[in-house]
Each structure stands twice: as C-alpha cells, then as structure tokens.
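The structure appears right after this line, and notes come after that.
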Amino acid sequence: AYQAFKNTVFRGGYGLFYGPSYREASGTIGTQGFSVSTSYTGSPNGLTPSLYINNPFPNGFNQVVGSSQGLLSGLGTSFATPITGDNKVPYTENWDFDIQQQLPFDVLVDVSYVGSHGVHLTEENNEWNFDQLTPQAMALGTKLQQNVPNPFYGIITTGPESSATIPYSFLVSPYPQYSGIDGNYMTGGYSLYHAIQLKVEKRFSHGLTVLVSFTGQKLIDDYAIISNVGNNTGGIQNIYNNRGEKGVSSNDISNHLVISGVYNLPFGRGQHFGSNWNKAVDSFLGGWQVNAIATNQTGFPLSLTTQNTSGSGSNVLRPNSNGQDPNLSGPISARLNGYFNASTFSQPAPFTFGNLNRTLPNVRAPGTQNIDFSLFKNFHIVERLSLQVRAEAFNLLNQVVFAAPNQVLSSGQIGVISSQSNAPRDIQFGLKLLF
C-alpha cells in the first residue's frame with residue numbers, strides 16, 4: 001500500500017494459494033476388486049434381447065476378489081479410479097491492484113483490477129472416460145456396430161462383453177478388456193479470471209450510508225469443476241482435445257451490480273427535524289429507518305447438449321452450429337417457448353463430435369433483478385431499553401426471474417423456459433427488544 005497523496009492510496013498484491021489434493025486418503029487409489037456391482041445388459045447391440053427380467057443374472061452376481069486377480073480385477077466391467085499418476089496439487093495465482101480516493105462528504109471511491117489463474121485444478125468427478133474411442137477409431141463409422149467374434153468369450157463371464165459376439169467398438173477401445181473407465185480426481189484443469197471492480201461508499205454520517213458496487217468480469221476454464229446450482233456444466237466431449245473444452249466458464253457472471261443503503265430519517269428528538277417534540281409525538285413520527293438492497297446481474301452461460309450419437313463412449317455430445325447468432329430480442333416473457341433461435345443448431349452426423357463450444361459465448365440464461373426493502377420503527381422506552389418494529393419485504397416488486405431454458409437439442413423442447421428461479425415476494429414482520 002502506498003499513500004501517494006493525502007486522500008489517494010494505491011494498493012496491490014500477489015499470492016499463491018494451494019488447495020487440498022482430492023487424492024488424499026481414500027482418493028489415492030481406486031476400489032477395484034474391493035467393491036463390486038453386477039450390471040444388467042439386456043442386449044449387447046441394443047436391439048436383440050439376450051436376457052430377460054425373469055432371469056436377469058443367469059451367471060449370478062459378481063463377488064469381491066480383493067487383490068487376488070491383480071490386473072485382471074474387474075475384467076469386463078466398468079469402474080472409476082484415479083488411473084493416472086498425475087497427482088499435482090492444485091493452486092491459484094491471485095493478483096490485484098486498486099486505487100482508493102477519498103472525496104468530500106465522506107465518499108470513498110475504490111477502483112480495482114483483480115486477476116486469478118488456476119493451475120492443476122481438479123476436474124468434475126467421473127467426467128473423463130479413459131475408454132473413449134480415439135478419432136481414428138471413430139472414423140470406422142458403422143463398422144463399429146458390426147458384431148465380431150469375442151476374443152474374451154469364456155474369460156469374461158458377465159456384462160456386455162460376455163457374449164460370443166460383441167460390437168467391434170469394444171475391441172478398438174483403448175482398454176478393450178473393460179466396458180468403461182472413468183478417471184476420478186483428474187488434475188490439469190485451467191482457469192483464468194479478469195475483473196474490474198468499482199466501489200463507491202458513502203460512509204455513515206447524518207444517518208445515511210450508501211454502498212454501490214459493480215463487477216465486470218470474465219472467467220474462462222476448461223474441464224475444472226465447473227458446476228453451479230441449476231445450470232448445465234457442459235461436460236467433457238472429447239478427452240483427446242483438451243483445448244476444445246476451453247471456454248467461458250459456466251460460473252461466469254459478466255456483470256454484477258448491487259446498490260444498498262440505510263437511512264435514519266431525520267425526524268424526531270435529537271434529529272434535524274422535531275428535536276423538541278414531546279414523547280407522544282416522537283413515538284409516532286420519530287425513530288424511522290429505511291433500508292434497501294437492489295441487485296442486477298447477468299445470467300450464467302448456456303451449455304447445449306444433444307443425444308450422443310458419436311459412438312465414442314464420451315460422456316456428452318454437443319450440437320453443431322451453423323455460425324449464425326442465436327440471440328433473439330424482446331422481453332423474456334414473450335420468448336418462453338423460444339428463448340433463442342434453436343434452428344441455428346443441428347444434430348451432428350453419427351460417429352462425429354459437434355462443433356459447438358462447451359458454453360455459448362453470446363447467449364446466457366436470464367439475469368437477476370431484485371429489490372429487498374425494510375422499514376424499521378425504533379421506540380426508546382428507557383435509556384437502556386428500546387423496541388424495534390420491523391417490516392421486511394424480499395423481492396419487493398414481485399419480479400419473476402426466469403430459470404435457464406432447456407439446453408438439450410434432442411429433447412424437442414430446446415430453448416423452452418418452464419420455470420422460474422427465484423421466490424415470489426415474501427413479507428415478514430418482527431419485534432426486536434434491545435437492552
């Protein structure tokens with residue numbers, strides 16, 4: 001911190017902040033061989049039934065084998081484990097620089113630039129399928145669906161790879177002896193954050209305080225833990241193209257404005273107006289206080305997905321975009337059945353990935369607008385005892401904040417908003433005795 005002038009201060013900082021490793025304790029190894037489940041597979045090819053509900057497990061249930069089978073543990077099944085040796089500790093580099101200026105009338109202005117860079121971040125659990133087909137294997141197209149003799153027949157006795165013939169896709173996967181491998185606690189995620197933060201504060205004087213804060217930001221990440229409440233995270237489409245997962249984070253709120261204030265009305269004994277009122281008049285007209293908080297922020301980015309026809313074993317498939325802007329104008333209430341132009345997106349051809357980014361760069365869920373308001377009346381009973389009557393209204397104007405639209409192209413409801421994300425106006429009253 002440096003005081004350049006009487007009422008001007010420059011501040012800056014930089015730091016490295018390390019997080020816990022998700023592979024500590026039970027996260028250091030998988031549970032393969034020490035926990036077991038038996039999968040029901042009605043038909044290996046998805047068409048012809050081979051097992052029926054009246055006898056779904058003709059070969060019995062899988063048994064816990066411990067470490068007795070070595071690398072053959074779980075043969076023919078799927079499992080989740082931290083399979084790689086990459087066990088780097090996640091950390092962030094944080095930096096900031098701001099200018100604080102004291103103005104007349106007890107007003108403080110603070111302008112800041114804030115940045116952060118996340119390194120070796122942990123990805124969302126079970127989003128990384130190590131058994132995903134390579135691009136070279138996907139190029140085989142419909143050949144992947146052809147049934148071929150099963151070299152594991154008789155060795156694998158349960159699950160989708162126990163039949164005499166299996167789809168060719170099983171045999172060209174990176175780990176053909178397993179039906180799927182999900183990587184737990186994968187590290188290597190990336191994030192980058194830049195923000196301009198503005199604060200204007202009228203410090204409490206003459207019964208009034210006001211705080212205005214604004215943040216304009218952009219958060220970019222790839223496959224780090226990116227979920228947020230009520231919003232699609234995007235998932236990982238292609239583990240062989242990490243750069244393709246980079247985009248605006250599902251947690252990004254590009255603009256956030258909050259205005260709050262407290263005002264003790266200048267009426268009553270000891271105030272500017274009515275300082276000589278008697279107790280009876282003061283009990284009605286004095287001791288009033290109003291408080292308000294107004295919030296306005298943009299919504300979260302949208303992450304579109306569709307029916308996974310890639311045949312790759314990936315956890316998610318994104319649509320194709322024709323390059324046109326899907327934004328639509330007009331009030332949200334008039335676009336509930338078509339929040340954006342869904343015709344700009346299409347289903348990818350079989351055995352291919354969609355070209356859409358993990359999050360849409362120019363379409364967001366509806367933003368939030370809200371006002372909370374309260375009115376207090378203070379009664380001074382005796383010198384050390386007072387009573388406060390409170391009336392508080394949350395979402396004072398009863399504004400509707402619509403939830404994010406449907407983001408699944410193959411659902412037939414893409415772009416449709418069917419719910420709201422906030423609560424209706426809530427009014428409460430209370431008494432508070434202070435002594």
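The values are calculated or read from the model by the stated rules, or taken from the named source; none is laboratory data. Because the structure is a prediction, the values reported are computed rather than measured. Don't worry about glycine lacking a Cβ; one is built from the backbone with ideal geometry, like all the others, and counts go over all protein chains shown. Accessible surface areas use protein heavy atoms only, side chains included; no ligands, DNA or RNA. Shrake-Rupley method; radii C 1.70, N 1.55, O 1.52, S 1.80 Å.
For the structure I just gave you, tell me whether GLY270 is surrounded by 15 or more Cβ atoms within 10 Å (Cβ to Cβ) and not aliphatic (A, V, I, L, M).
Details: surrounded by 15 or more Cβ atoms within 10 Å (Cβ to Cβ): no; not aliphatic (A, V, I, L, M): yes.
For GLY270, the condition - surrounded by 15 or more Cβ atoms within 10 Å (Cβ to Cβ) and not aliphatic (A, V, I, L, M) - is not met.
I'd like the full set of residues that are of a type in the set (Val, Ile, Thr) and open to solvent by 40 Å² or more (accessible area, probe 1.4 Å), limited to the stretch 180-209.
Hits for the stretch 180-209 are ILE196, VAL200.
Taking the residues in the stretch 210-236 that are open to solvent by 60 Å² or more (accessible area, probe 1.4 Å) and more than 22 Å from ASP98 (Cα to Cα) as candidates, determine which candidate is modelled with the highest pLDDT.
It comes out as ILE225.
Mind checking whether some residue in the stretch 39-49 is under 29 Å from the mean Cα position of the chain (by Cα), open to solvent by 70 Å² or more (accessible area, probe 1.4 Å) and at pLDDT 75 or above?
no
Looking for something in a strand (DSSP E or B) and open to solvent by less than 70 Å² (accessible area, probe 1.4 Å) - is there at least one such residue anywhere in the stretch 343-355?
yes
Among the numbered criteria (1) at pLDDT 95 or above; (2) of a type in the set (A, V, I, L, M); (3) more than 30 Å from PHE267 (Cα to Cα), which single criterion is violated by ILE427?
Condition not satisfied by ILE427: (3).
Quickly run through the stretch 327-342 and pick out the residues that are buried (at least 18 other Cβ atoms within 10 Å of the Cβ) and either among the hydrophobic types (A, V, I, L, M, F, W, C) or more than 23 Å from the chain's Cα centre (by Cα) (or both).
Residues satisfying the conditions are ARG335, PHE340, ALA342.
How about the stretch 361-400: which of its residues are hydrophobic (A, V, I, L, M, F, W, C) and touching a Pro at 6+ places or on another chain (Cβ under 6 Å)?
Across the stretch 361-400, the qualifying residue is only VAL363.
Evaluate the following for ASN315: is it under 30 Å from SER173 (Cα atoms) and open to solvent by 60 Å² or more (accessible area, probe 1.4 Å)?
Values: under 30 Å from SER173 (Cα atoms): yes; open to solvent by 60 Å² or more (accessible area, probe 1.4 Å): yes.
Spelling it out, ASN315 is indeed under 30 Å from SER173 (Cα atoms) and open to solvent by 60 Å² or more (accessible area, probe 1.4 Å).
Of the residues that sit in the stretch 391-415 and are in contact with a helix residue (DSSP H, G or I) (Cβ under 9 Å, 6 or more places away or on another chain) and of a type in the set (A, V, I, L, M, F, W, C), which one is most open to solvent (accessible area, probe 1.4 Å)?
Among those residues, the one meeting the criterion is VAL400.
Among the candidates THR295, THR305, single out the residue that is surrounded by 15 or more Cβ atoms within 10 Å (Cβ to Cβ) and under 19 Å from the mean Cα position of the chain (by Cα).
Numbers: THR295 fails: under 19 Å from the mean Cα position of the chain (by Cα).
After ruling out the rest, the residue left standing is THR305.
State yes or no: is PHE300 open to solvent by 40 Å² or more (accessible area, probe 1.4 Å), of a type in the set (A, V, I, L, M, F, W, C) and under 24 Å from ASP221 (Cα atoms)?
yes
Just checking, how many residues over the stretch 241-278 are assigned to a loop (DSSP other than H, G, I, E, B) and not β-branched (Val, Ile, Thr)? Can you show your working first?
Restricting attention to the stretch 241-278, the residues satisfying the condition of being assigned to a loop (DSSP other than H, G, I, E, B) are 241, 246, 249-254, 265-266, 268-272, 274-278.
With the extra rule that they be not β-branched (Val, Ile, Thr), the set shrinks to 241, 246, 249-252, 254, 265-266, 268-272, 274-278.
Residues that pass the stated criteria total 19.
Out of the residues in the stretch 12-37 meeting the condition of being modelled with pLDDT of 75 or more and in contact with a Pro (Cβ under 9 Å, 6 or more places away or on another chain), tell me which one is least open to solvent (accessible area, probe 1.4 Å).
GLY19
Filter the stretch 273-290 down to the residues that are surrounded by 16 or more Cβ atoms within 10 Å (Cβ to Cβ) and either within 35 Å of the chain's Cα centre (by Cα) or modelled with pLDDT of 90 or more (or both) and list them by number.
Once the filter is applied, which keeps residues that are surrounded by 16 or more Cβ atoms within 10 Å (Cβ to Cβ) and either within 35 Å of the chain's Cα centre (by Cα) or modelled with pLDDT of 90 or more (or both), the stretch 273-290 yields TRP288, GLN289.
Please indicate, with yes or no, whether at least one residue in the stretch 366-379 is over 21 Å from LEU328 (Cα atoms), in contact (Cβ under 8 Å) with a residue 12 or more places away in the chain, surrounded by 13 or more Cβ atoms within 10 Å (Cβ to Cβ) and of a type in the set (Ser, Thr, Tyr).
Within the stretch 366-379, one or more residues are over 21 Å from LEU328 (Cα atoms), in contact (Cβ under 8 Å) with a residue 12 or more places away in the chain, surrounded by 13 or more Cβ atoms within 10 Å (Cβ to Cβ) and of a type in the set (Ser, Thr, Tyr).
When you scan the stretch 62-179 for strands (runs of 3 or more DSSP E) that lie fully inside it, which ones turn up with 1 or more residues that are crowded, with 16+ Cβ neighbours inside 10 Å and modelled with pLDDT of 85 or more?
Passing ranges, in order: 91-103, 107-121, 165-167.
Being farther than 30 Å from SER179 by Cβ, surrounded by 15 or more Cβ atoms within 10 Å (Cβ to Cβ) and over 25 Å from the mean Cα position of the chain (by Cα) narrows it down to one of GLN388, GLN324, so name that one.
After ruling out the rest, the residue left standing is GLN388.
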